[in-house]
Amino acid sequence: MAAERGAFFKLSTAAVTGAALLAGGPALAAPPPRDDVRRLSCEGPVVGCVQEARRTLTRLRDRLGCDHRAPFPVIYVQLERALEAAAAKPGSFDDPDWLAGDLNTGFVSLYLDAYHADRQGRPVPQAWKTAFEAARTGDVNAGQDVLLGANAHIQRDMPYVLAAVGLTRPGGASHKADYRRFQTVLDRAYAPAVQEIARRYDPVLALADARWNPIAGYTAGRLFRIWREQAWIYAQQLAAATTPAARRAVERRIEANAARWALLLNTVHVPGYRAVRDAYCRAHHRGAPGTRAETPRPEATAGQATPTTAGLNRSAT
């Protein structure tokens with residue numbers, strides 16, 4: 001089964017790389033990362049796949065220290081823990097190979113691709129560009145950093161991964177029920193993750209969601225649910241596209257939607273709050289690796305590009 005899944009990811013990569021055409025250039029294979037965060041590799045039982053994803057994200061979280069990109073992998077690590085527990089329990093999903101294996105592995109891989117591309121100065125999609133730039137230079141709170149990352153990852157990345165791994169089982173039954181169960185896993189992971197971010201990175205997250213969320217009237221959890229439903233709809237549109245032109249039209253809608261949300265999430269800045277966050281984090285990360293910021297990455301060339309989708313191949317190194 002693992003070999004079949006790996007082969008499917010090799011074949012599916014082409015279904016995602018078409019988005020690179022929006023940048024006017026090819027999707028290039030990523031060079032080996034120049035840090036201690038290895039590319040995701042997964043073979044064998046799906047629980048082991050989730051464990052490998054969790055360990056990879058944990059290394060990234062710990063390496064980032066007080067870098068403002070760290071809160072997003074904090075959320076992700078908690079999600080992988082919750083998914084690991086669910087995947088280990090028989091009957092949690094109709095098709096755990098698809099949900100905890102193919103979908104989760106491909107999804108985590110696209111985030112790692114975006115991280116490595118940005119760190120190495122290569123272009124990334126606009127939604128990710130906004131998220132990373134806010135983390136590098138903005139006076140946003142840690143909750144906004146999480147929302148900016150989640151927007152780019154769910155609204156921009158998820159449709160491509162869903163379309164690549166398939167929305168239906170071989171017999172024609174929809175994967176939608178498992179996809180919604182995945183949302184339940186996310187709901188369980190959210191509160192512990194927010195508590196960890198408030199404790200280690202930014203005390204404002206200990207306040208009510210409405211105090212730090214720039215989207216009035218919506219909790220972060222509700223936004224995640226809305227975004228995931230929209231991602232499924234976009235994936236259906238990608239799967240239904242019968243010509244390259246039709247697919248490019250869907251891709252443009254995906255990229256534009258995620259970019260608009262990123263702009264909205266990035267509108268609220270509190271002058272001087274970056275220094276407040278940094279001081280708070282340093283006080284709670286004494287002696288921890290990555291407390292100091294990484295060496296600034298080189299500037300990316302102009303334009304938008306998709307993160308490399310080589311990470312969708314679960315045997316990639």
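Cβ neighbours within 10 Å, averaged per peptide: list 261-267, 63-69 in order, most packed at the top. Walk me through the numbers before you get to the answer.
Values: 261-267: 18.7, 63-69: 20.7.
The most tightly packed comes first, giving 63-69, 261-267.
Below 11 angstrom from the Cβ of residue 158, what's the summed charge of the other residues (Lys, Arg +1; Asp, Glu -1)?
Details: positive: 156, 228; negative: 157, 229.
With Lys, Arg at +1 and Asp, Glu at -1, the net is 0.
Show me 271-279, 169-177 ranked by packing, highest mean number of other Cβ atoms within 10 Å first.
In descending order of packing, they fall as 271-279, 169-177.
Over the Cα atoms of segment 34-176, what Rg and Dmax result, in angstrom?
Expressed in Å, the Cα Rg and Dmax of segment 34-176 come to 15.5, 50.
From zero up to wherever the largest Cα-Cα distance of segment 109-204 sits, split into 10 Å bins and tell me the percent of pairs in each.
The distribution over segment 109-204 is 13, 36, 34, 14, 3, 0, given as percents.
Please report Rg over Rh for segment 169-284, where both radii come from the alpha carbon positions and Rh follows the Kirkwood definition.
1.08
Each value in this text was obtained by applying a stated rule to the coordinates, not by laboratory testing. Quick caveat: nothing in here was measured; it's all calculated off a predicted structure. Glycine gets a Cβ as well: all are built from the backbone with ideal geometry, and neighbour counts include every protein chain shown.
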